[in-house]
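The values are calculated or read from the model by the stated rules, or taken from the named source; none is laboratory data. Since this is a predicted model, take the numbers as computed values, not measurements. Please note: Cβ atoms are built from the backbone with ideal geometry, for glycine as well, and neighbour counts cover all protein chains shown.
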Amino acid sequence: MWSRVRRAAGAGLLAVALAGCGAGPDSLTTETRPSIPGLNVSDSGVALRSVAVPFAPEGYPAGGTMPVTMVVFNDTQAPVSLDAATSPIATTATLEGGPVLVPPAGYAHTTVTLTGLREDVQAIDIVPLELTFDNGASFQLEVPVAPPEQRVGERPQVVEPEEH
């Protein structure tokens with residue numbers, strides 16, 4: 001009796017496992033993307049959100065420039081300033097508009113531009129970046145390249161109006 005129950009349970013588990021494998025390359029899970037791509041970190045009352053290198057199909061060539069975008073949140077009661085950025089893969093790292101001042105309990109969108117890339121950067125690469133703030137917060141980041149807005153090589157889907 002127990003061996004029949006075990007066989008039936010085993011057959012049921014096998015059926016469930018095989019059904020999951022049948023999703024194929026067109027399943028909805030192949031379409032999922034992070035709602036907010038990029039890195040999210042916090043230190044000393046400063047939070048960095050959506051830190052990412054924008055996707056470029058051709059990548060970023062050695063010798064060129066590359067942006068790193070982010071949102072800086074200040075969770076303290078005093079203003080903080082992003083004063084410096086450096087990266088070992090670039091000759092210079094420039095803060096958009098100079099030091100980035102973030103008001104108390106406020107935020108700022110900013111871009112760090114890496115110039116004179118020492119190597120090619122492709123979609124699968126991680127970009128090292130160090131950020132220093134005037135309140136002592138410091139971040140050693142490994143910044144990802146953001147995913148593309150749509151699958152690479154895929155044409156935008158056009159929805160045709162229905163005829164009546």
Restricting to the stretch 124-149, what's the tally of residues that are surrounded by fewer than 14 Cβ atoms within 10 Å (Cβ to Cβ) and not in a strand (DSSP E or B)?
3
Counting only residues that are charged (D, E, K, R), surrounded by 14 or more Cβ atoms within 10 Å (Cβ to Cβ) and modelled with pLDDT under 95, how many does the stretch 12-66 have?
1
Restricting attention to the stretch 65-104, the residues that are farther than 21 Å from Val53 by Cβ and either touching a Phe, Trp or Tyr at 6+ places or on another chain (Cβ under 9 Å) or of a type in the set (D, E, K, R) (or both) number exactly 6
How many of the residues making up the stretch 57-92 are closer than 28 Å to Gly116 by Cβ, in contact (Cβ under 8 Å) with a residue 12 or more places away in the chain and not in a strand (DSSP E or B)?
9
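Listed here are the residues, each with its yes/no results for (1) hydrophobic (A, V, I, L, M, F, W, C); (2) surrounded by 15 or more Cβ atoms within 10 Å (Cβ to Cβ); (3) in contact with a strand residue (DSSP E or B) (Cβ under 8 Å, 6 or more places away or on another chain).
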residue: Ala78; (1), (2), (3): yes, no, no
residue: Ser81; (1), (2), (3): no, yes, yes
residue: Ser87; (1), (2), (3): no, yes, yes
residue: Ala93; (1), (2), (3): yes, yes, yes
residue: Pro99; (1), (2), (3): no, no, yes
residue: Pro103; (1), (2), (3): no, no, yes
residue: Thr113; (1), (2), (3): no, yes, yes
residue: Leu117; (1), (2), (3): yes, yes, yes
residue: Asp120; (1), (2), (3): no, no, yes
